[in-house]
Each structure stands twice: as structure tokens, then as C-alpha cells.
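**Student:** Before we start, here is the structure in question, set down as C-alpha cells.
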Amino acid sequence: MSDDTKKLFDEVSKLATEQINPHTINIDVSSTAEILRIINEEDKTVPYAVEKELPYITKAVNLIVNAIKKGGRLLYFGAGTSGRLGVVDASECPPTYGVSPNLVQGFIAGGKEAMFVAQEGAEDFEENGAKEVIKANVTSNDVVCGIAASRRTPYVIGAVKKAKELGATTLYITCTPRETFNIECVDVPICPYVGPEVVMGSTRMKSGTAQKLVLNMLTTTLMIRLGKVYENMMIDLQMTNKKLIERSKRIVMTITGISYEEAKYYLEKADGHVKTALVMILAKVSKEEAKVRLEKANGFVKIAINENYDDIPKD
């Protein structure tokens, strides 16, 4: 065994994500019902691990909000399951919240092919991540978030290092203990430690669930802070398919109390923009006036309706 191989073996052996779970040691000789019970019991611990990281998630969201308001982007870099989760989270933002696909982007080691078939070895080189960051034209306005359950993934570390060199704000989501986090170029590490997996090293399980919960929090809170939600309803969705067209009508009907036909009429008059339609109806103003109010209110519908612009949320 070469020195480099021995060093890697020792490093991987010590990772929190590579330890044996004492609670699942007999899972191989358990019944189907017992295996499922064991998995479920372990999964129950994940939200509590995420809860402990809320102060750091709060810092991360505020950094992202400030960056977006200055014209920046949120860019995820990950490998394997972590990379796929980032790509999925990013891809859901445009249809759900009506934002540009450029605003939140996901990058995975090995490229698009790795979303469907594992591209072994693509994650093993820091320079691969660095090249992706350069190709993405990362600037000091952007936020780059590395995602790696084990913390050590070279592709992710390379991406974050290069992003910091370019002046970007850097985040890192990992499922290893905070006290072991040692990547100095990261502004805010988020470390939901979920303990050993049900099956040793299978980080698509508890670690993947924890990462998914954190990603949900980052982008959902971001969009709420950008005025994309009224009460608890998404109001900046894009009417790009039949389901979303009907959902838009229902949202307008629910908030304003008007009929189906009236909702259809106002949405057509507002060029399919739910927020504009809502301000038109509730403030009894024209489309042009509704747009002016929304601009002044930074997109917050309640504030646009009441013209109480001093109430725009701030941290």
C-alpha cells in the first residue's frame, strides 16, 4: 500500500459517516418489518440534528438574501447524492417561485450524466470543482454552497476554495461533527451530525435526509424573504402547465374570495402574474399601479396593498 493510499484509507476510516451503527448491527438477520422499524427509528433522529444547526442556517440564509438583493446567485456544488440533492433543490425554484433558472444553480461532479449514472472518480480531484466555479463565472456577489456528507470530497473542497479566492461568500453542508470541521475558506459551515448510517457509509440515507431538510430551509426561507409567499401560499409561481394554471386561479380565489371566472379574468388581465392580480383586486387598482406598488414593496403583496413600505422585512 502506497503512502497516499494509506493516508486516504486512514482518513476515510475515521470519518463519522463511515462508522458502524451499534443500533443496526443485526439488521442483516432481521425480518422485513423489523428492518423497516429500525430505519424509521434512525430517521426520527434527523430533524433534531438539523434543529441544532438553526443558528448557522439563519446566518446562511441572511447571507444568501443579501447576496441575491445585490444581484448575486446561490450555487450548489456536490458529488453523488449530495450533488443530486443540490441540483434538485435548484431546479425546483423556477416553477415554484417564478425566479430565473440562473438564480439558484446546482453543479454535480461528473456533470449532467452523473444525475442518472454514477460517474466514479469525478469527485476525486479538487481541480474539477475549481474549474466548474471558473466556468460558472463566480464573482464576489455570489454565494457558493458546498454539499458533502463526509466533508472531505475533493471536488467540493476545490469548488469552495476557488469561490473564496474569487471573493464569493461560502457555505458548506456536511453531516460530520462541527468540532471536526477544518475547511478554513468557509464562511458558514452547517453541520447536522446524524451519527452512523443504518448501513455503514450509505450517506444517501440519514445524511441525505438531513441535507435535503437544510436545502429546503435555505431556498424556502430565501423565497419568503424575497416576497414570493403571501401568508403561506406561493404567489410567484409560473403558469407553465395546466396544474399550475389551475393552482394560480385557486390561490387568487382563496386570497380574494372572488369566483373562478373572475380569477381567470384578472389573471389574464395581469398577464398571468398572480401577485399583480392580487394587488389589482385587493387594492382596487390598475395593472400599472399594481406593478408600481409591488416594485416599491420589494415584491411583498401585503405591503403593496396597504402601501406601508416601512414594513418591508429587514434583519
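**Student:** Considering each of Val186, Val104 in turn, give the residue that is among the hydrophobic types (A, V, I, L, M, F, W, C), out of contact with any Gly (no Cβ under 8 Å at 6 or more places or on another chain) and surrounded by 21 or more Cβ atoms within 10 Å (Cβ to Cβ).
**Tutor:** Val104
**Student:** Are there any pairs, at least 6 apart or on different chains, whose C-beta atoms fall under 8 Å, with the first in the stretch 37-50 and in a helix (DSSP H, G or I) and the second of a type in the set (S, T, N, Q), and if so, which?
**Tutor:** Ile38/Thr24; Ile38/Ser30; Glu42/Asn21; Glu42/Thr24; Asp43/Thr209; Val46/Thr209
**Student:** Could you run through the stretch 252-270 and say how many residues are without any contact (Cβ under 8 Å) to a residue 24 or more places away in the chain, assigned to a helix (DSSP H, G or I) and either surrounded by 15 or more Cβ atoms within 10 Å (Cβ to Cβ) or of a type outside the set (S, T, N, Q) (or both)?
**Tutor:** Within the stretch 252-270, residues that are without any contact (Cβ under 8 Å) to a residue 24 or more places away in the chain, assigned to a helix (DSSP H, G or I) and either surrounded by 15 or more Cβ atoms within 10 Å (Cβ to Cβ) or of a type outside the set (S, T, N, Q) (or both) number 10.
**Student:** Shifting gears a bit: Between Asp142, Asp124, which is surrounded by 24 or more Cβ atoms within 10 Å (Cβ to Cβ) and either more than 14 Å from the chain's Cα centre (by Cα) or of a type in the set (Gly, Ala, Ser) (or both)?
**Tutor:** Asp142
**Student:** Within the stretch 271-315, track down each residue that is buried (at least 20 other Cβ atoms within 10 Å of the Cβ) and of a type in the set (Val, Ile, Thr).
**Tutor:** Result: Val274, Thr276, Val279, Ile281, Val301, Ile303, Ile305.
**Student:** What is the residue count in the stretch 77-107 for residues that are more than 30 Å from Lys242 (Cβ to Cβ) and in contact with a strand residue (DSSP E or B) (Cβ under 6 Å, 6 or more places away or on another chain)? Before you say what the answer is, go through the steps one by one.
**Tutor:** At the first step, the residues of the stretch 77-107 found to be more than 30 Å from Lys242 (Cβ to Cβ) are 77-83, 107.
If we keep only those that are in contact with a strand residue (DSSP E or B) (Cβ under 6 Å, 6 or more places away or on another chain) as well, we get 77-78, 82-83, 107.
Matching residues across the stretch 77-107 total 5.
**Student:** Does any residue of the stretch 200-220 turn out to be among the β-branched types (Val, Ile, Thr), under 22 Å from the mean Cα position of the chain (by Cα), in the same structural domain as Gln105 (by TED's automatic domain parsing) and in a loop (DSSP other than H, G, I, E, B)?
**Tutor:** There is at least one residue in the stretch 200-220 that is among the β-branched types (Val, Ile, Thr), under 22 Å from the mean Cα position of the chain (by Cα), in the same structural domain as Gln105 (by TED's automatic domain parsing) and in a loop (DSSP other than H, G, I, E, B).
**Student:** With respect to Lys52, determine if the residue is surrounded by fewer than 17 Cβ atoms within 10 Å (Cβ to Cβ) and touching a Leu at 6+ places or on another chain (Cβ under 9 Å).
**Tutor:** It is false that Lys52 is surrounded by fewer than 17 Cβ atoms within 10 Å (Cβ to Cβ) and touching a Leu at 6+ places or on another chain (Cβ under 9 Å).
**Student:** Return only the number of the condition from (1) assigned to a strand (DSSP E or B); (2) surrounded by fewer than 24 Cβ atoms within 10 Å (Cβ to Cβ) that Glu132 does not satisfy.
**Tutor:** Evaluating Glu132 over (1) assigned to a strand (DSSP E or B); (2) surrounded by fewer than 24 Cβ atoms within 10 Å (Cβ to Cβ) leaves (1) as the failure.
**Student:** Yes or no: Thr240 of a type in the set (Ser, Thr, Tyr), part of a loop (DSSP other than H, G, I, E, B) and within 17 Å of Tyr97 (Cβ to Cβ)?
**Tutor:** yes
The values are calculated or read from the model by the stated rules, or taken from the named source; none is laboratory data. Note that the structure is a prediction, hence the values are computed from the model and not measured. Cβ atoms come from the backbone with ideal geometry, glycine included; neighbour counts cover every protein chain shown.
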